[in-house]
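Reviewing the structure listed below.
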Amino acid sequence: MQHDIKNLKLAPKGKKLINWAERDMPVLRQIRKRFKKQQPLKGITLGACLHVTSETANLVHTLQTGGARVLLCASNPLSTNDAVAAALVKYFKTQVFAIKGENNQTYYKHLNAVLNAKPNLTMDDGADLVGLLHEKRKSQLPTVVGSTEETTTGVIRLKAMAKDKALKIPVLAVNDNLTKHLFDNRYGTGQSTIDGILRATNVLLAGKTFVVCGYGWCGRGVAMRAKGMGAQVIVCEVDPIKALEAKMDGFQVMRLIQAIKKADLVLSTTGNKHVVDEKHLRQAKDGVILAQSGHFDVEINKPALKKLAKKISQVRKFVTEYQLPDRKINLLADGRLVNLAAADGHPASVMDMSFAGQALAAEYIWQKRGKLTAKVHALPAKLDQRIATLKLASEGVKIDKLTAEQKRYLSSWQEGT
Ligand code: ADE
């Protein structure tokens, strides 16, 4: 069986991590039980490009239990847990191609290794597999029934492809599930980003000025958690509605060029390029810590930072110090997603819902093969609600039901003042 991982001897350690995550993934466990009986993915070769974590291993196990042959590569060069990769190979017989810290060339070699297996279905976190299929491996497109996409950045990219009529296969935007972005992006990113910053630096957040760029679901989560730990949080936004929400949620809102002068920490969660640009770097306070938890490492202008620096040194495992003529700037995790590079990513409890969405999306797209257009599709709301219902049930939470009178009232218009 082909694979390319760091060290197979790490497998026992990885298995323990996978078991630990499984405890907190009751929805996925339920889906796995059903998949075992119904075998909805029987005969499929599924190529997945995801962060190789213990939570992802539980998704892979579920897909395999449903009958799929799964090949897995990393969706980011720094997010692989090498022990988990080894456990997947040894105990689950998954073909894994991922090594933490792999260079760009190896990263693409691994994506190509997955596509060499001629998957009928792909699963992406950031649209790199779909991108490669459309750019360099077009001849393979007719054999792919569709793909699923995990993250906001990937969905934006795929929608841009669809708009340009460049997208040739249907894609299910798992990120657009309410049970995904309201929880994973907000509470998952909120917690795991702070976790990554703290593991990388061990700084005290209380009393620090913490600037969050972007007030989407990820930015909201981080701002909320940083505030909870006693930081003075400033939000920078380009969207007037989101900026107003941030203001009314109790945060200071201002332009980054002003905020950066006060910032002890700056975190970018926008998904956009050069949000922290050269002009901001030139105004940053001595000792500032910069990080990002967006998908690609483009949010902080790294080339500009390199250009401004006289000396660059690694001062802690995930901290690079850039010595400018008069100041020092610290960059975490080489400007890559700090929550997965310096910590373990989102907790299993939220990934449970995100990956339940992935498993149901894979089943749905396979059931509907040949019937979906080459566009970005949402998962049916019913499936989203099913995930929430299963999650509530797993936590022993019961909710109220509408009475017949209430249902009638909500669908009528005659009853007024
Ligand atoms: N994205 C964010 N956190 C993750 C995790 N723990 N596993 C897989 N993908 C993730």
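The values are calculated or read from the model by the stated rules, or taken from the named source; none is laboratory data. Everything numeric here is computed off the predicted structure, so don't read it as measured data. So basically every Cβ, Gly included, is an ideal-geometry build from the backbone, and we count neighbours across all protein chains shown. When the accessible area is computed, the model is the full protein with side chains, heavy atoms only, and any ligands, DNA or RNA have been set aside. Shrake-Rupley method; radii C 1.70, N 1.55, O 1.52, S 1.80 Å.
Tabulated data
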item: Most mobile of Ile300, Ile399, Ile156 in a GNM of the chain (Cα contacts under 10 Å); result: Ile399
item: Integer Hz, Karplus 6.51/-1.76/1.60 couplings in order for the stretch 375-383, x for Gly and Pro; result: 9, 8, 10, 8, 6, x, 4, 4, 5
item: Cleavage-rule hits (trypsin sites (Lys or Arg not before Pro)) in the stretch 355-417: DSSP loop, at most 10 neighbouring Cβ within 10 angstrom; result: Lys371, Lys398, Lys401
item: Selected from Leu267, Met161, Gln2, residue furthest toward positive end of dipole (the chain; charges at beta carbon); result: Gln2
item: Within the accessible area of the chain (1.4 Å probe), percent carbon and sulfur; result: 52
item: Cα-projected label distance for Arg316 with Leu402, points at 7 Å along beta-carbon direction, nm; result: 5.2
item: Three-way shape call for the stretch 96-192 based on the alpha-carbon gyration tensor, with the a/c threshold at 1.5; result: oblate
item: Å² of accessible area per residue within the chain, as computed with a 1.4 Å probe and no ligands counted; result: 47
item: Cut-off under 5 Å, modelled amide H: who pairs with Gly146 long-range; result: Thr122
item: Ser268 long-range amide H proximity, modeled H, under 5 Å; result: Cys213, Ala291, Gln292, Ser293
item: Per-pair calculated FRET efficiency, R0 = 22 Å: Lys168 and Asn116 via Cβ, rounded to 0.05; result: 0.70
item: Dipole axis of the chain (+1 Lys, Arg; -1 Asp, Glu on Cβ), positive-most option in Leu63, Gly230, Leu204; result: Leu63
item: Derived scalar couplings ³J(HN,Hα) [the stretch 9-24; Karplus, 6.51 cos²θ - 1.76 cosθ + 1.60; whole Hz; x for Gly, Pro]; result: 5, 6, 4, x, 5, x, 5, 5, 5, 5, 5, 4, 5, 4, 3, 9
item: Low-density loop cleavage sites - trypsin sites (Lys or Arg not before Pro) in the stretch 51-106, where at most 15 other Cβ are within 10 Å (DSSP); result: Lys93
item: Linear extension gain, Arg369 paired with Lys109, 0.36 nm per residue minus alpha-carbon span; result: 90.7 nm
item: Violating pairs (Cα-Cα greater than 25 angstrom) within the set Lys261/Lys307; Lys42/Lys118; Lys242/Lys273; Lys6/Lys317; Lys6/Lys375; Lys163/Lys307; result: Lys6/Lys375; Lys163/Lys307
item: C-alpha center-to-center spacing [the stretch 17-69, the stretch 85-148] in angstrom; result: 17
item: Cα shape, the chain, gyration tensor, a/c 1.5 rule; result: oblate
item: Ellipticity estimate at 222 nm from DSSP helix runs (n ≥ 4, -39,500 (n - 2.57)) divided over the chain, nearest 500; result: -13000 deg cm²/dmol
item: 3J(HN,Hα) from dihedral phi, the stretch 232-249, Karplus parametrisation 6.51/-1.76/1.60, rounded to Hz, x for glycine, proline; result: 8, 9, 10, 10, 10, 9, 10, 9, x, 6, 5, 4, 5, 4, 4, 4, 6, 7
item: DSSP-assigned coil residues among trypsin sites (Lys or Arg not before Pro) in the stretch 252-357, each with at most 16 further Cβ atoms within 10 Å; result: Arg255, Lys273, Lys285, Lys310, Lys317, Arg327
item: Rounded if a/c under 1.5, otherwise prolate or oblate - the stretch 16-139, Cα gyration tensor axes; result: oblate
item: Rounded to the nearest 10 Å², the accessible area of Arg225 at probe 1.4 Å; result: 90
item: Centroid-to-centroid separation of the stretch 249-293 and the stretch 365-417 [C-alpha atoms, Å]; result: 40
item: Lys279-Leu178 pseudo-label distance in nm [points 7 Å out on the Cα-to-Cβ vector]; result: 4.0
item: Farthest toward positive dipole pole in the chain [+1 Lys/Arg, -1 Asp/Glu at C-beta], among Gly146, Gly416, Gly287; result: Gly146
